[in-house]
Amino acid sequence: MTQRRIVAGDVGGSHITIALFEEDCDGIHLAKIERQSIDSFADKAIILDNWTSVIKNMYPPGDPIFISLAMPAPFDYNEGVCLIKEQGKFRSLYGVNVKKELSNRLGVQESSINFINDAEAFLLGESAFGIGIGIDSILGITLGSGLGSAIKSGNSVRDAELWSTPFKDSIAENYLGTSWFVQWAKSKFVIDIEGVKEFISHPNLIGKIEEVFEVYSSNLADFIQNQYADFKMEKVIIGGNISLSSELFLDRTISQLSIAGLDIPIEISRLGEKSALYGAASIFVNGNSKF
């Protein structure tokens, strides 16, 4: 018998993915999932109306529901206030109490709405339902429009906030996120692209893929090595849109780390974008316990 219904969402700069989970005595089960493109540069009302619409599609009107959204930082996850200002997305939501806005639009009590860091949700999902089961110390990395990171130590998972750590002549995100590929194409070849998928398929860049991902692999290996100095993780789990092209950089990254004397298992998420959804939904399970 179903005990509760949980709507979990993963909010990105270009899309929102929403899933309905049903909880019973055996745990939570994914019932349905929907992905919708969004314009993160749109006005506040448009963004919130889009989110509201896709959330409402998940359950019958009037049904008791719990909602948990995985959001990128910076965000006040307890109060539900968006603090994103300089990241090039959701600027119209800066300072907005998203929890209150969604509560009013959905007719759901604020206490039934939860927010969690997207990288933390990713690693929660992998630790409880994916390739991180049974492992005590994990570094989770999401490679996409930005750099997300989380650490699992024992039974605790937390946002590592490594995106802004000093790296080379800038910060880590500028070398591992989509902007690095955009800048490379622009500065080296005077070509404008929007993301890694376009980079790989661009007819004038196909011959440069090997060179570019060799450098990217070196950046990622250096980043992981830097983190290992502070946190002796047993495994690294990688997710995010860039991970969909892992065949172009994963083996190289592992090889470069091995040359440096660091043999750490590095795996790509098997749950994909569902990782953050499972992680977000799990917040409402077992008395709000993460595990």
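The values are calculated or read from the model by the stated rules, or taken from the named source; none is laboratory data. Values in this document were obtained by computation on a predicted structure and should not be read as measured data. Positions of Cβ are generated from backbone atoms using ideal geometry, with glycine treated the same way; all protein chains shown enter the neighbour counts.
Tallying residues that are of a type in the set (V, I, T) and farther than 22 Å from V11 by Cβ within the range 119-160 yields 4.
Within the option set K208, K197, K188, K232, being in a helix (DSSP H, G or I) and surrounded by fewer than 15 Cβ atoms within 10 Å (Cβ to Cβ) holds for one residue only, K188. When I224 is tested against the conditions (1) among the aliphatic types (A, V, I, L, M); (2) part of a helix (DSSP H, G or I); (3) surrounded by fewer than 16 Cβ atoms within 10 Å (Cβ to Cβ), the lone failure is (3). Consider E273 carefully, then state whether it is closer than 22 Å to H15 by Cβ, surrounded by fewer than 16 Cβ atoms within 10 Å (Cβ to Cβ) and charged (D, E, K, R). Taking the combined requirement at face value, the residue does not satisfy it. For the range 89-101, the count of residues that are touching a Lys or Arg at 6+ places or on another chain (Cβ under 9 Å) and more than 30 Å from N174 (Cβ to Cβ) is nonzero. Per the listing S53, S68, the residue uniquely outside any strand (DSSP E or B) and of a type in the set (S, T, Y) is S53. In the range 74-183, counting only helices (runs of 4 or more DSSP H) that sit wholly within it, the ones holding 1 or more residues that are among the aromatic types (F, W, Y) span 118-129, 173-176.
Does K197 satisfy the criteria of being of a type in the set (K, R) and in contact (Cβ under 8 Å) with a residue 40 or more places away in the chain? Yes; evaluated as a whole, the condition is true for this residue. Looking at E120, is it touching a residue at least 40 places away in the same chain (Cβ under 8 Å), of a type in the set (D, E) and either touching a helix residue (DSSP H, G or I) at 6+ places or on another chain (Cβ under 9 Å) or not assigned by TED's automatic domain parsing to the domain that holds A8 (or both)? Judged against the criteria, E120 is a match.
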